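To start, the structure itself, in structure tokens.
What follows is calculated from the coordinates using simple rules that are stated; it is not laboratory data. Remember, predicted model here, so these are calculated numbers, not experimental data. Glycine also receives a Cβ, built like all others from the backbone with ideal geometry; neighbour counts cover every protein chain displayed.
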Amino acid sequence: MKRTLFTAFAVLMTACTPLAVGSGVPALAQGLVPFDACEDYLTHVKTEAKRIVTPWGLEGGGWYGPDIWMMEDRVMLSAEGDGGGDGGAPSNGGQAGVDYSTTNVQEAGVDEPDIIKTNGNYIYAISNGTLFVVDVTGEPTITDRLRLENGWGEILLAGDRIVVLSTQYGGGVHPLPVEPGIAAPGGDYYYSSPVSVLTEIDVSDPADIRLIRTLYLDGSYISARMNGDVARIVITARPTGFQWQYPEGGGLLAEIRAKNANRAIIDASTLENWIPYYVLEEADGSTSDGLLIDCHDAYHPQEFAGLGMLTIVTVDLSDGLAPDAVGVLAEGDTVYASTDSLYVASRQWVDWNELSEAELEERASGEYTEIHKFDISDPATTEYRATGSVDGYLLNQFSLSEHDGYLRVATTDQAPWWGWNDRPSESFVHVLAEREGRLDIVGSVGGLGKGEQIYSVRFMGDMGYVVTFRQTDPLYTIDLSDPANPTMVGELKILGYSAYLHPLGDGLLLGVGQDATEEGWTKGTQVSVFDVSDPANPERIHQYTMTDGYSEAEYDHRAFLYWAPTSTAVIPVQRWGWDERSGKDDHFVGAIGLELDRDRGIQEIGSVVHDGSEPWYGQIRRSLVVGDTVFTMSELGLAGSDLRTFESSSWVSF
């Protein structure tokens, strides 16, 4: 009975986690270890894989990804010109932040991918699986469009080049072994595991944009950051090309035989099964391919952290898609970058099957996060620097911030999915410093929001702002001027919470989130302006609400626009309801424009709605400013509105 209960718990844990194995107890990371040669790499992964393989293979059995790329019959991009432009390279549309807005990013000077970009003259937007080019120098007009292979993606724009980043699921075919073992060319085929796709597009002629080349990489695209023309793309990949032997019939003997057979399969594996593969395909169909990472550019933690490969790919968009990559045998899901450093964080996983019951209870009572630091100051390459760990889990990328060489990290020690823990949760802000390959904690402040979870974080210079919530919304102000002694200096308790915090300048902070009752039940969209000029006495000075509303900006900061020259915020909002009196739907699907002023408060300028046969398709995803026009984007198209009045001025259908 004891074995059955323990196994059931372990299966439950494995079902909701990637394949990664740790020590079973939290431990301070001591940096990563480089591999001296490919033989060392292969010996390491085979040894660990044979240790954790089960009668059903790795990660619960089944396919562990593709083994090698088969490029024939791939559906490529196709261009459809509308002929609406006069050709020629796009000219400078003015100054970003003055004449037109850019993506709402976390750090100035570090661009983030998004579904829409502009250079002030043209807007590039992805909708319904198509990249649209819209000339906004006069009456907005679509000049060209390009159908995307995967039907979705995010854009990075550098000069006259666009790279579309996406993950392909089930695309392409790969050889299927006729019997358990390593896949080999020939025979039947199966659909692949996730593949990251980077598509380079020449937009120098807006009336004739052209596919230049496509880079395919084993693994799932997580996120990317760009400094200048150099992009760092973060990908997580799994071992590929295995077909496991399963037990034939029941009983221990069948399981032992299957496990031994799977160990033999691992013994027969090669580097191609363990290191991500890439294929670079030119527009004419010619290809080059190979292993994405050199063995000497791969690292592993001192304590085993899984067989997945966290990969940072460096690409200079001004020089094609030739990849330069560094990899770590670890997980990664949260990406943050300053102008000089890139950090990738993930929850610290353990091998649940190796824990005693006491260790199991201890490990399940808290969360631990591992953080890897990479130097991106050199445009040509990415260099691993250090690894560290902190108690708790991260909310999102805003939980991380680098300032004056220190990394600030906001965590909650218990995740909401650990429902059986009776100990009240608590949140922290830690300060880490790089020391000899480690990220060491040099200062911490705790006791934030006991019994609550972090809902938003924003670091600004020497100050940090943390919002926690359960029934009320404490906004904490954290003084970080002394990295060794971070201090909570102020607290403001209000109803509801802010899920996104945005600096307005002049000691003001804006919050977008939800209003709530005293019992913690949410009531609808809430926009708050906080005066934080006195950190010891933060104050909410203005509030705007929309009953039953919610906004994408609550969970994706790129959906929020603040245009400082006119103190205008544009927020996408949806409200779905039913009017009992009229017996009709009561909904709003659009965006609201708000003017923000310290003295006059929050004034609604107007709203924008994209009409369609189904309101859902008119959901506004993004907004941007070009000149005196605010453009809002949905799957239906691109609407232009007067920035001062929000009156409609143009419409382009997608």
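Beyond 18 Å between alpha-carbons counts as too far, so tell me which of Lys450/Lys493; Lys50/Lys259; Lys50/Lys373 fall in that bin. Before the final figure, lay out the partial values.
On the way: Lys450/Lys493 13 Å; Lys50/Lys259 9 Å; Lys50/Lys373 30 Å.
Where the Cα-Cα span goes over 18 Å, the pairs concerned are Lys50/Lys373.
What number comes out for the charge environment of Arg598, summing +1 per Lys or Arg and -1 per Asp or Glu over other residues with Cβ under 10 Å away? Don't skip to the answer; put the middle values down first.
Numbers: positive: Arg600; negative: Asp506, Asp531, Asp597, Asp599.
Cβ neighbours under 10 Å give a net charge of -3.
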Contour minus Cα-Cα span, Glu614 to Thr130, at 0.36 nm per residue, comes to 172.2 nm
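Around Gly447, with a cut-off of 12 angstrom between Cβ atoms, what is the net charge of the other residues, counting Lys and Arg +1 and Asp and Glu -1? If you can, show how the numbers build up before the last one.
Details: positive: Lys450; negative: Asp413, Glu426, Glu452, Glu491.
That sum, taken over residues with Cβ under 12 Å, equals -3.
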Phi to ³J(HN,Hα) by Karplus 6.51 cos²θ - 1.76 cosθ + 1.60 over the stretch 465-470, Hz, x for Gly, Pro: 10, 10, 10, 10, 7, 9
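Sort 287-295, 140-148 by packing, meaning the average of other beta carbons within 10 Å per residue, with the highest value first.
The peptides rank, most packed first, as 140-148, 287-295.
What is the sum of charges around Asp642, taking Lys and Arg as +1, Asp and Glu as -1, for the other residues whose C-beta is under 14 Å from the C-beta of Asp642?
Values: positive: Arg644; negative: Glu595, Asp628, Glu647.
Once positives and negatives cancel, what remains is -2.
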What is the spin-label model distance, in nm, from Asp579 to Glu604 if the labels are put 7 Å beyond Cα along the C-beta direction? 1.4 nm
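Given Cβ point charges of +1 (Lys, Arg) and -1 (Asp, Glu) and nothing else, what value in debye, to the nearest 20, does the dipole of the stretch 560-653 about its Cα centre take?
Working: 8 positive and 14 negative charges, 47 e Å.
It works out to roughly 220 debye.
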At 7 Å along Cα-to-Cβ for each site, give me the label-to-label distance between Arg51 and Val33 in nm. 1.0 nm
In the stretch 112-142, which residues have a backbone nitrogen under 19 Å from the label point lying 7 Å from Ser648's Cα in the Cα-to-Cβ direction? 139-142
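So if I take the alpha carbon set of the stretch 560-653, get Rg, then get Rh from the Kirkwood formula, what is the Rg over Rh ratio?
Rg/Rh: 1.01.
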Which of Leu594, Tyr562, Val652 sits farthest toward the positive end of the charge dipole of the stretch 560-653, with +1 on the Cβ of Lys and Arg and -1 on the Cβ of Asp and Glu? Tyr562
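Which peptide among 435-445, 274-284, 247-257 comes first, and what is the full order, when sorted by highest mean count of other Cβ atoms within 10 Å? Walk me through the numbers on the way to the answer.
Details: 435-445: 17.0, 274-284: 20.2, 247-257: 12.2.
Highest to lowest by the protection proxy: 274-284, 435-445, 247-257.
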Pseudo-spin-label distance Glu248 to Asp229, built 7 Å along Cα→Cβ, given in nm, is 6.0 nm
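For the peptides 558-564, 602-608, what is the packing order when you average, over each peptide's residues, the other Cβ atoms within 10 Å and list the highest mean first?
Values: 558-564: 19.7, 602-608: 17.0.
In decreasing order of mean packing, 558-564, 602-608 become 558-564, 602-608.
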Tell me, what ³J(HN,Hα) does each residue in the stretch 149-157 have, in order and in whole Hz, if you take phi through Karplus 6.51 cos²θ - 1.76 cosθ + 1.60 with θ = phi - 60° and put x for Gly and Pro? 4, 9, x, 7, x, 10, 10, 10, 10
